[in-house]
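A.B. asks: Quick one: structure below, then a few questions.
The values are calculated or read from the model by the stated rules, or taken from the named source; none is laboratory data. Since the model is a prediction, treat every value here as computed from it, not as a measurement. No Cβ is skipped: glycine too gets one built from the backbone with ideal geometry, and neighbour counts run over all protein chains shown. What goes into the accessible areas is simple: the full protein's heavy atoms, side chains included, and nothing from ligands, DNA or RNA. Shrake-Rupley method; radii C 1.70, N 1.55, O 1.52, S 1.80 Å.
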Amino acid sequence: MGSKRIDSRRFWKLIALSGAIVVAVMLAMPLVGAVKIDLARVLAGQSPDYELMVELRLPRVLLALLAGGGLALAGALFQGLLRDALATPYTLGVSSGASLGAVTAICFGWREAGHMPAVWLGAFCGAGLVLFLVLGIAGRERRMSTFTLLLAGVAMNSVCGALIQFLHSMAGLAQSFSISRWLMGGIDSVDYGTLAWLSVLVLGSSAAVMWRWRDWNLMAGGEEWAAARGVSIGRVVFTGYVAGSLLTGAITAVTGPIGFVGLIIPHALRLRIGADHRLLLPCSFLVGAAFLALCDGLGRVVLAPAEVPVGIVTSILGGPFFIWLLRSRSRSVRI
């Protein structure tokens, strides 16, 4: 599993194909929306087409690409680390912590914290708190394992979910609407400064994850199998959880929880191209980026001029896939 080499020509062919899809989506999606944009007027710098493209559409598409790529990569990482095809970036609790932090900020009516919206800051703090709590709980064992990490993450998911429901029930009408809207998950236009720091976090964490593809290949075969080949289980589990949590927490803080991207993309690619993380991880990032940008474009036009939050679009598409996956697993168990 870890030692099997994939064909170099096939590797670069699939990477190039995935990259071409991302480029095509990045060029096409800024033109999609309820208001038609004249590309000639954009290139000439004429209003309002130029402002619509440069200040609204393009940052939104870039955010969708970053978020989709990071969530799909985190999903592929956690599925390999936990050896569970149903694992998602939200399995281990960090997203619930980010959601709790954002809901708390909304309930207390916080607006801005320096140059950062307080909801984002609250989400970051919530994600960081859960990250340290889960590591503290799982790290009390003599050796951190995926099993203890999973149990700690599930426990924190449950606690954070209960606190979110409590705060939601105590919120006023306007705050309750804001909480519901944030929890749907959405891609909105952000400034380029936000895109810059988010790119550093997402691309840096993604590069670190892809660099250690051999470890994820070995872990996918089981902890005992990996340990017999010299893998430090505790260190690998710690590194994988922190890297995946940084991806998930940073993205969720800006977009809210967007479901199913980290489930659909890695699992579909694993069925098509195999489970070797050397290829699976970069392809998951690229295809996930294109998928979420396409879903966001669909949400902009399906009920135009109204917009459907991208979290709803991905859930509608992901629900049937999830059911199919469960049925496939049930058939394999019976066999």
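A.B. asks: Can you compute 3J(HN,Hα) from phi for each residue in segment 37-45, using the Karplus curve 6.51 cos²θ - 1.76 cosθ + 1.60 with θ = phi - 60°, rounded to whole Hz and x for Gly and Pro?
C.D. replies: Whole-Hz 3J(HN,Hα) from phi for segment 37-45: 10, 8, 4, 5, 5, 5, 5, 8, x.
A.B. asks: For a quick protection proxy, order the peptides 205-213, 37-45, 293-301 by their average other-Cβ count within 10 Å, most packed first. All intermediate terms of the calculation are to be shown ahead of the outcome.
C.D. replies: Working: 205-213: 18.1, 37-45: 13.0, 293-301: 22.3.
Result, highest mean first: 293-301, 205-213, 37-45.
A.B. asks: Just the number, please: carbon plus sulfur as a percent of the accessible area of the chain, 1.4 Å probe, no ligands or DNA/RNA counted. Don't skip to the answer; put the middle values down first.
C.D. replies: Values: 10670 of 16040 Å².
That share works out to 67 percent.
A.B. asks: Using a 1.4 angstrom probe, figure out how much accessible area the chain has per residue, in square angstrom, rounded to the nearest whole. Mind showing how you got there, number by number?
C.D. replies: Numbers: 16040 Å² over 335 residues.
About 48 Å² of surface per residue is accessible.
A.B. asks: What is the magnitude of the charge dipole of the chain about its Cα centre, with +1 placed on the Cβ of each Lys and Arg, -1 on the Cβ of each Asp and Glu, and no other charges, expressed in debye to the nearest 20?
C.D. replies: On the way: 27 positive and 16 negative charges, 281 e Å.
Dipole size: approximately 1360 debye.
A.B. asks: What order, most packed first, do the peptides 10-22, 269-281 have when packing is the mean number of other Cβ atoms within 10 Å of each residue? Write down the numbers at each step before the final one.
C.D. replies: Details: 10-22: 14.8, 269-281: 19.3.
In decreasing order of mean packing, 10-22, 269-281 become 269-281, 10-22.
A.B. asks: Write down the Å³ per residue value for the convex hull defined by the alpha carbon atoms of segment 73-218. Write down the numbers at each step before the final one.
C.D. replies: Working: hull volume 18.5 nm³, N = 146.
Value for segment 73-218: 126 Å³ per residue.
A.B. asks: I'd like to compare 304-311, 283-290, 161-168: which one has the highest average count of other Cβ atoms within 10 Å, and what's the full order after that? Write out the running numbers ahead of the final one.
C.D. replies: Details: 304-311: 17.8, 283-290: 28.0, 161-168: 14.9.
Averaged packing, sorted descending, gives the order 283-290, 304-311, 161-168.
A.B. asks: Still on this model: Which helices, taking whole DSSP H runs in the chain, have alpha carbons extending 18 angstrom or more along the helix axis plus mean Kyte-Doolittle at least 0.5?
C.D. replies: Span-like helices in the chain: 8-28, 58-82, 94-107, 118-138, 146-170, 192-211, 233-255, 277-301, 310-334.
A.B. asks: Here's another thing I want to ask about it. 222 nm [θ] for the chain, helices only, -39500 (n - 2.57) per DSSP H run of 4+, per residue, to 500? Mind showing how you got there, number by number?
C.D. replies: On the way: 14 runs with 242 residues, N = 335.
Helix contribution divided over all residues of the chain: -24500 deg cm²/dmol.
A.B. asks: Taking the Cα centre of segment 1-75 as the origin, how large is its charge dipole in debye, to the nearest 20, when only Lys and Arg (+1) and Asp and Glu (-1) carry charge on their Cβ atoms?
C.D. replies: On the way: 9 positive and 5 negative charges, 118 e Å.
With only Lys, Arg, Asp and Glu charged at Cβ, the dipole is about 560 debye.
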